[in-house]
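The values are calculated or read from the model by the stated rules, or taken from the named source; none is laboratory data. All values derive from a computational prediction rather than experimental measurement. Glycine also receives a Cβ, built like all others from the backbone with ideal geometry; neighbour counts cover every protein chain displayed.
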Amino acid sequence: MWKKAFLFPGQGSQEVGMGKDLFENNDPFFRSLIDLGSEITGCNLEKLCLNGPESQLIQARYLQPLLVAVSLGYFNRLTDRGIVPDVVLGHSLGEITSLAAATIVDPEQAVRIAARRGELMDMVAQKNDGGMLAIMFMDLDSVIELLEEINEPDRVVLANDNAPCQVVLSGEMKLLDKISFEIQNRKLGKTRIVNVIGPWHSPFLAEARDVYTKWAEDIIFKEPQIPVIFNALAKPHKDPSTIKNLVAGQLSMPVYWRESMETLRQAGVNTFFEIGPGRVLTGLVRANGFKKGITVHSINNLDSIEKLCELKTV
């Protein structure tokens, strides 16, 4: 049975100033990843991360290697202190971080993957006026009924099934705005636009997926040393070639986070660590019914790691 799960956040969890203490501490592992990301992107990622502007930070080509580096920086510190996971999973981009956490690829390769992935996603964003819409307090069946009523399957799709009453749609912004209006006007639930710049996890990403797949042909994926729950399956897989296909396909496929949480429930997980900026995944743990007897730690600064180690209960 698994007891401890490490969760890695994706786009939408970022904030200007994330990882500040890793920079100030001059963490050599983290610094090597930031320097690599800066070289690949042609951007001073430290300056962007600490000072913004947010309008540039949310561009996937910069944000994705940054998020992976920050999350791995805290992950490395945590494991150095002897706190290791029984299972790992990442939300969307966070799945790239989980590849490194499970030693399927090395940390440097994870940064390279994230940068290329982000670059291709930005190309899609430039061609489409698209985005993502989070819907709260509506179950999946009700959302699907609304999509069937609207009947625009080429313009909007389900992107994330996050929790029993939280799903995310992806597609054209004009249609997402219309859907948001209908939901609020009919008092069906609440909505908010997700802080991303494109229609992620939708067929709009098919071209990016195909280009990424060809680019990644020479990257060697290894068998995971720690089980990884994959977004597209909501369960683990060991075969490296299949994992490589899952990572590519994830660009245009939904994230089945609710089902992934159920896999962890059935496996006996009772302690969660959200490793990286924000508390989005901490909230989703609770939204998926993990309450009594469950411990959730948000690891988004070095102090949180020190306090955790002082507890000596993990």
- Query: When you look at LEU45, is it touching a Leu at 6+ places or on another chain (Cβ under 9 Å) and more than 30 Å from LYS214 (Cα to Cα), yes or no?
  - Reply: no
- Limited to the range 257-274, what total is found for residues that are farther than 22 Å from ILE83 by Cβ and surrounded by fewer than 17 Cβ atoms within 10 Å (Cβ to Cβ)? 3
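Take ALA159 and decide whether it is touching a Lys or Arg at 6+ places or on another chain (Cβ under 7 Å), under 18 Å from LEU284 (Cβ atoms) and modelled with pLDDT of 95 or more. Lay out the reasoning, then the answer.
Details: touching a Lys or Arg at 6+ places or on another chain (Cβ under 7 Å): no; under 18 Å from LEU284 (Cβ atoms): yes; modelled with pLDDT of 95 or more: yes.
Spelling it out, it is not the case that ALA159 is touching a Lys or Arg at 6+ places or on another chain (Cβ under 7 Å), under 18 Å from LEU284 (Cβ atoms) and modelled with pLDDT of 95 or more.
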- Of all residues making up the range 279-314, the number that are touching an Asp or Glu at 6+ places or on another chain (Cβ under 7 Å) and either assigned to a loop (DSSP other than H, G, I, E, B) or acidic (Asp, Glu) (or both): 1
- Quick check, is ASP141 assigned to a helix (DSSP H, G or I), outside the structural domain of GLU259 (by TED's automatic domain parsing), surrounded by fewer than 20 Cβ atoms within 10 Å (Cβ to Cβ) and not hydroxyl-bearing (Ser, Thr, Tyr)? yes
- Note on the structure: Within the range 277-314, residues more than 15 Å from GLY94 (Cα to Cα) and among the basic types (Lys, Arg) come out as ARG286, LYS291, LYS292, LYS307, LYS312
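In this structure, does PRO277 turn out to be surrounded by 18 or more Cβ atoms within 10 Å (Cβ to Cβ), under 23 Å from PRO199 (Cα atoms) and assigned by TED's automatic domain parsing to the domain that holds ALA100? Spell out the reasoning first.
Numbers: surrounded by 18 or more Cβ atoms within 10 Å (Cβ to Cβ): yes; under 23 Å from PRO199 (Cα atoms): yes; assigned by TED's automatic domain parsing to the domain that holds ALA100: yes.
Yes.
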- Task: Filter the range 199-234 for residues that are out of contact with any Lys or Arg (no Cβ under 7 Å at 6 or more places or on another chain) and of a type in the set (D, E, K, R) and give the result.
- Result: GLU207, ARG209, ASP210, LYS214, GLU217, ASP218, LYS222
- Message: Within the range 288-301, take every residue that is within 21 Å of the chain's Cα centre (by Cα) and aliphatic (A, V, I, L, M) and give me the one that is surrounded by the fewest Cβ atoms within 10 Å (Cβ to Cβ).
- Response: VAL296
- Unmet criterion (only one of (1) crowded, with 17+ Cβ neighbours inside 10 Å; (2) of a type in the set (Asp, Glu); (3) more than 21 Å from ARG192 (Cβ to Cβ)) for ASP239: (1)
- Here is a list of conditions, (1) more than 24 Å from VAL16 (Cα to Cα); (2) surrounded by 22 or more Cβ atoms within 10 Å (Cβ to Cβ); (3) not hydrophobic (A, V, I, L, M, F, W, C), and GLU182 meets all of them except one; can you say which number that is? (2)
- Lone qualifier among LEU169, LEU175 - being closer than 14 Å to THR191 by Cβ, out of contact with any Phe, Trp or Tyr (no Cβ under 9 Å at 6 or more places or on another chain), modelled with pLDDT of 95 or more and crowded, with 22+ Cβ neighbours inside 10 Å: LEU169
- Task: Give GLN250, GLN225 a once-over and let me know the one that is polar (S, T, N, Q) and over 20 Å from the mean Cα position of the chain (by Cα).
- Result: GLN225
- Query: Restricting the search to the range 99-115, which residues are among the β-branched types (Val, Ile, Thr) and farther than 20 Å from SER38 by Cα?
  - Reply: THR103, ILE104
- Message: Here is a check on your reading of the model: is ALA206 on the phi > 0 side of the Ramachandran plot and among the hydrophobic types (A, V, I, L, M, F, W, C)?
- Response: no
